[in-house]
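Structure record follows, encoded as structure tokens.
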């Protein structure tokens, strides 16, 4: 047994139509054959009938307007008008009916799931020119609708600047000399109450008293030198005496005693 | 001196202000005071001779004064000088030059009775100054007896420290 025969047998066993379907197939086949035969007959007759029909509808001896063709044309015109009216009526009916039907249909199916299952969205998106869409976008209008205050409130600008901005580099790139040159120092000084500041400073430091004390007590450099040398002499004598006395530690000898043995100055 | 003010005292001397002075500073102050007393004594002697000259201009001769008399007059001048300056300013001219000040047990300027007694003791027993060498608190004999002290104070007015 050949492979072709086996294939046919298997095919016959696997695809065995039901009797109703077989009847339908037979009807279709008969109809198709009848149509084909009719087409052949009509095509053959048309060679003879077309010139004859033309002669009948447009007889040469009949004046124009009274020929059958003219009458047929008027009838066809009325038929065309009736057809156009019918199309208009059908279109209106469809306009009224289709939305209702479509709404009922869409209410009974999950269109999203239907699209997801039957539409290759990746392929669709791949064919979309995103750049062209972005080009057509009015970004200014989009940005104008943004609530920038809300966006800025959500941002920690201090952290952003601290982590992402090289402040040293920014400052290094600033020409501080040029900035200082543009400053109107005279205007700044003019806004200061220099007289008031000077009065406050003089009141705080009591300058006249300082001058009086400086000229009255700490006189000349030579007197200061004599005083400091005498203080050093006092310390030296104290250290020598302490060494002989052996009653004080060496560190205590560095600091001269105060009144009542306290280290603080006289009250 | 109140806090927050600019001190006219040199930085190296500020830590010593208010502390008791030693024998070297006090001796130098006494030397200056001795010169002052000598000048005052000489002035008194010249004044006495001038007075005598005005009384007996023709037979004028310098007054012959014995050493003992000069010594006692000098001690009297020193007594008045010490008592007056300590009462008035708490320091003699020698103490002023050396930046020293005499204070009582409370750290205040000595009152007149205390100044008089201390002056008398200083004139009577001047060597008592050197007791501050062996005193652990740098007190002279007069200081030990009267509870006074001599401190470093470079400022002119008492209580500025």
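Below, the figures for the structure above:
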read-out: Residues within the stretch B:116-156 that are closer than 18 Å to residue B:106 by Cα, surrounded by fewer than 18 Cβ atoms within 10 Å (Cβ to Cβ) and within 14 Å of the chain's Cα centre (by Cα), tallied; value: 1
read-out: Residue identified as touching a helix residue (DSSP H, G or I) at 6+ places or on another chain (Cβ under 9 Å) and over 30 Å from residue B:7 (Cβ atoms) among A:152, A:176, A:167; value: A:167
read-out: Number of positions in the stretch B:120-161 that are more than 13 Å from every other protein chain (Cβ to nearest Cβ) and in contact with a strand residue (DSSP E or B) (Cβ under 7 Å, 6 or more places away or on another chain); value: 0
read-out: Helices (runs of 4 or more DSSP H) enclosed by the stretch A:172-247 - at least 3 residues per element that are facing another protein chain (nearest Cβ under 9 Å), modelled with pLDDT of 85 or more and surrounded by fewer than 10 Cβ atoms within 10 Å (Cβ to Cβ); value: none
read-out: Residue within the stretch B:72-89 that is within 15 Å of residue B:21 (Cβ to Cβ), surrounded by 15 or more Cβ atoms within 10 Å (Cβ to Cβ) and within 14 Å of another protein chain (Cβ to nearest Cβ) present; value: no
read-out: Every residue from the stretch B:92-106 that is in a loop (DSSP other than H, G, I, E, B), within 11 Å of another protein chain (Cβ to nearest Cβ) and touching a residue at least 12 places away in the same chain (Cβ under 8 Å); value: B:99, B:104, B:105
read-out: Residues of the stretch B:11-46 classified as under 18 Å from residue B:95 (Cα atoms) and within 14 Å of chain A (Cβ to nearest Cβ), total; value: 19
read-out: Helices (runs of 4 or more DSSP H) contained entirely in the stretch A:93-155, each with at least 1 residues that are in contact (Cβ under 8 Å) with a residue 60 or more places away in the chain and more than 16 Å from the chain's Cα centre (by Cα); value: none
read-out: Filter result (touching a residue at least 12 places away in the same chain (Cβ under 8 Å) and more than 24 Å from residue B:113 (Cα to Cα)) within the stretch B:40-79; value: B:41, B:44, B:45, B:48, B:49, B:62, B:63, B:65, B:70
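The values are calculated or read from the model by the stated rules, or taken from the named source; none is laboratory data. This structure is a prediction, so every number in the text was calculated from the model and none was measured. Virtual Cβ from ideal backbone geometry, glycine too; neighbours counted across all protein chains shown.
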